[in-house]
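Asks: Just passing along the structure, written as structure tokens.
The values are calculated or read from the model by the stated rules, or taken from the named source; none is laboratory data. No experiment lies behind these values; they were computed from the predicted model shown. Every residue, glycine among them, receives a Cβ derived from its backbone with ideal geometry; neighbour counts consider all protein chains shown. We work out accessible area using only protein heavy atoms, side chains counted, and drop any ligands, DNA or RNA first. Shrake-Rupley method; radii C 1.70, N 1.55, O 1.52, S 1.80 Å.
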Amino acid sequence: MQKAFWPMPAATKRKPRWLLVVLACHCSVFGAFAGSTSGQTEPADILWQHSTQLKTVGEGHFRYLFWSLYDAQLKTQDGSFQSVELNKPLSLTLTYQREISRDDFVEATLDQWRHLFGEVSPSQTLWGQQLRQIWRDVKQGDQLSCIVDERGHAHFYLNRQLLGAVVDPLFSEQFLAIWLDQRTSAPTLRRQLLGQ
């Protein structure tokens, strides 16, 4: 049976590390990702300001059984989407409707990569370890954004405050594939995000 697209509330889990899926974009250790690329990315406030000028491609709402989990919005420069590579810069923003833990975020991300690609690659395993250092729990009303700049670097914001960045363009493509790839485990949400 296919697993849900997001981490479930703790009381409904079948096992402690049940994998589902997400974009949690959280806190600290920015240098763990960007320290070797100083000067190559835009300042956080300028990047955020530029992202507010992007145009909406589509919006959707994700539910699992009885639970509303989050609203999602995809934006690009011209309001259309072909691929992460062709539509940089772009942003994906999630507004959460309930609390979700950091550990569920990380395991869900790895689980969705396994769903998309058949296995978790060494690079994905490394990204998972890095994400565990910067992600944290989210609560109802938190708004998390992944902004991909023109170089393909993924910048994570929580409630408009920069949390960290992963500067590998392949990460950006594979992370956003969780929502935008044709093989996603949430095809209805994908269609909504793409304005279909």
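Asks: Can you name the residue in the range 81-97 that is under 18 Å from PRO187 (Cα atoms) and assigned to a loop (DSSP other than H, G, I, E, B) and is also most open to solvent (accessible area, probe 1.4 Å) among such residues?
Replies: If we take residues in the range 81-97 being under 18 Å from PRO187 (Cα atoms) and assigned to a loop (DSSP other than H, G, I, E, B), then GLN82 is most open to solvent (accessible area, probe 1.4 Å).
Asks: Applying the selection to the range 106-126, what residues are more than 21 Å from PRO187 (Cβ to Cβ), assigned to a helix (DSSP H, G or I) and among the β-branched types (Val, Ile, Thr)?
Replies: VAL106, THR125
Asks: Sort through ARG136, ARG151 and tell me the only one that's open to solvent by 10 Å² or more (accessible area, probe 1.4 Å), at pLDDT below 90, part of a loop (DSSP other than H, G, I, E, B) and not acidic (Asp, Glu).
Replies: ARG136
Asks: Got at least one residue in the range 66-74 being farther than 20 Å from ASN159 by Cβ and open to solvent by 50 Å² or more (accessible area, probe 1.4 Å)?
Replies: yes
Quick grid of which residues meet (1) aliphatic (A, V, I, L, M); (2) open to solvent by 20 Å² or more (accessible area, probe 1.4 Å); (3) over 21 Å from GLU85 (Cβ atoms); (4) modelled with pLDDT under 95:
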site: HIS115; (1), (2), (3), (4): no, yes, yes, no
site: LEU131; (1), (2), (3), (4): yes, no, yes, yes
site: SER145; (1), (2), (3), (4): no, no, no, yes
site: LEU158; (1), (2), (3), (4): yes, no, yes, yes
site: ALA165; (1), (2), (3), (4): yes, no, no, yes
site: LEU176; (1), (2), (3), (4): yes, no, no, no
site: TRP179; (1), (2), (3), (4): no, no, no, no
site: GLN182; (1), (2), (3), (4): no, yes, no, no
